[in-house]
Amino acid sequence: MTLLTKQDLLARMRAGEDPVQLMRRAILETGGTWPEGDLGEGLFEVQFENITGLGSSARAAVEDWAHQAQGERSAA
(Lines give C-alpha, C1' and ligand atoms only; values in the text may rest on other atoms or scores of the structure.)
Protein backbone atom coordinates (compact mmCIF):
# COMPACT_ATOMS: atom_id res chain seq x y z
CA MET A 1 0.00 0.00 0.00
CA THR A 2 1.44 3.37 -1.01
CA LEU A 3 1.21 6.25 1.43
CA LEU A 4 -0.67 9.26 0.11
CA THR A 5 1.00 12.68 0.09
CA LYS A 6 -0.62 16.10 0.07
CA GLN A 7 -0.10 16.33 -3.70
CA ASP A 8 -1.61 12.86 -4.21
CA LEU A 9 -4.69 13.79 -2.20
CA LEU A 10 -5.27 17.04 -4.06
CA ALA A 11 -4.82 15.41 -7.47
CA ARG A 12 -7.16 12.54 -6.67
CA MET A 13 -9.77 14.91 -5.20
CA ARG A 14 -9.65 16.95 -8.42
CA ALA A 15 -10.08 13.70 -10.37
CA GLY A 16 -13.38 13.07 -8.59
CA GLU A 17 -12.49 10.53 -5.92
CA ASP A 18 -14.37 10.76 -2.61
CA PRO A 19 -12.39 13.32 -0.59
CA VAL A 20 -13.52 12.01 2.81
CA GLN A 21 -12.46 8.44 2.01
CA LEU A 22 -9.13 9.65 0.62
CA MET A 23 -8.40 11.70 3.73
CA ARG A 24 -9.49 8.83 5.99
CA ARG A 25 -7.09 6.49 4.20
CA ALA A 26 -4.21 8.98 4.34
CA ILE A 27 -4.70 9.63 8.05
CA LEU A 28 -5.00 5.95 8.97
CA GLU A 29 -1.97 4.99 6.84
CA THR A 30 0.20 7.49 8.71
CA GLY A 31 -0.82 6.23 12.15
CA GLY A 32 -3.62 8.68 12.87
CA THR A 33 -7.14 7.92 14.02
CA TRP A 34 -10.50 8.27 12.30
CA PRO A 35 -13.84 7.59 14.05
CA GLU A 36 -15.89 4.70 12.69
CA GLY A 37 -19.58 4.74 11.82
CA ASP A 38 -21.93 7.56 10.89
CA LEU A 39 -20.16 10.78 11.80
CA GLY A 40 -23.24 12.99 11.42
CA GLU A 41 -22.70 16.66 12.11
CA GLY A 42 -20.68 18.44 14.78
CA LEU A 43 -17.28 20.08 14.87
CA PHE A 44 -14.72 18.13 12.87
CA GLU A 45 -11.00 18.62 12.58
CA VAL A 46 -8.61 16.87 10.20
CA GLN A 47 -4.86 17.27 10.34
CA PHE A 48 -2.56 16.01 7.61
CA GLU A 49 0.92 17.19 6.60
CA ASN A 50 0.79 20.09 9.09
CA ILE A 51 -2.44 21.49 7.64
CA THR A 52 -5.63 21.58 9.70
CA GLY A 53 -9.12 21.62 8.23
CA LEU A 54 -12.21 22.46 10.29
CA GLY A 55 -15.89 22.09 9.47
CA SER A 56 -19.38 21.17 10.62
CA SER A 57 -19.03 17.70 9.05
CA ALA A 58 -16.20 15.40 7.99
CA ARG A 59 -16.73 16.50 4.37
CA ALA A 60 -16.63 20.22 5.29
CA ALA A 61 -13.41 19.71 7.28
CA VAL A 62 -11.76 17.84 4.39
CA GLU A 63 -12.87 20.55 1.93
CA ASP A 64 -11.39 23.21 4.25
CA TRP A 65 -8.16 21.21 4.43
CA ALA A 66 -8.02 20.96 0.61
CA HIS A 67 -8.65 24.70 0.22
CA GLN A 68 -5.80 25.49 2.61
CA ALA A 69 -3.48 22.92 1.03
CA GLN A 70 -4.09 24.37 -2.44
CA GLY A 71 -3.36 27.88 -1.15
CA GLU A 72 -0.16 26.69 0.52
CA ARG A 73 0.97 25.00 -2.70
CA SER A 74 0.37 28.07 -4.84
CA ALA A 75 2.23 30.27 -2.31
CA ALA A 76 5.32 28.03 -2.40
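Given the options Glu45, Glu63, Glu49, name the one that is exposed (fewer than 14 other Cβ atoms within 10 Å of the Cβ) and without any contact (Cβ under 8 Å) to a residue 60 or more places away in the chain.
On inspection, the qualifying residue turns out to be Glu45.
Please give the number of the condition Gly71 fails out of (1) surrounded by 13 or more Cβ atoms within 10 Å (Cβ to Cβ); (2) more than 9 Å from the chain's Cα centre (by Cα).
The one condition Gly71 does not meet is (1).
Out of all the residues in region 7-31, which are of a type in the set (A, V, I, L, M) and touching a helix residue (DSSP H, G or I) at 6+ places or on another chain (Cβ under 9 Å)?
Those that are of a type in the set (A, V, I, L, M) and touching a helix residue (DSSP H, G or I) at 6+ places or on another chain (Cβ under 9 Å): Leu9, Leu10, Met13, Val20, Leu22, Met23, Ala26.
Among residues belonging to region 14-42 that are modelled with pLDDT of 90 or more and among the aliphatic types (A, V, I, L, M), point out the one that is farthest from the chain's Cα centre (by Cα).
Here the answer is Ala15.
Report, by residue number, each residue of region 26-76 that is over 14 Å from Met13 (Cβ atoms), touching a Gly at 6+ places or on another chain (Cβ under 9 Å) and among the aromatic types (Phe, Trp, Tyr).
Phe44
So, Ala11, is that one over 11 Å from the mean Cα position of the chain (by Cα) and of a type in the set (A, V, I, L, M) or not?
Considered against the rule, which asks whether it is over 11 Å from the mean Cα position of the chain (by Cα) and of a type in the set (A, V, I, L, M), Ala11 comes out as yes.
The values are calculated or read from the model by the stated rules, or taken from the named source; none is laboratory data. Bear in mind that the values here come from a model prediction, so they are computed numbers and not experimental data. Glycine gets a Cβ as well: all are built from the backbone with ideal geometry, and neighbour counts include every protein chain shown.
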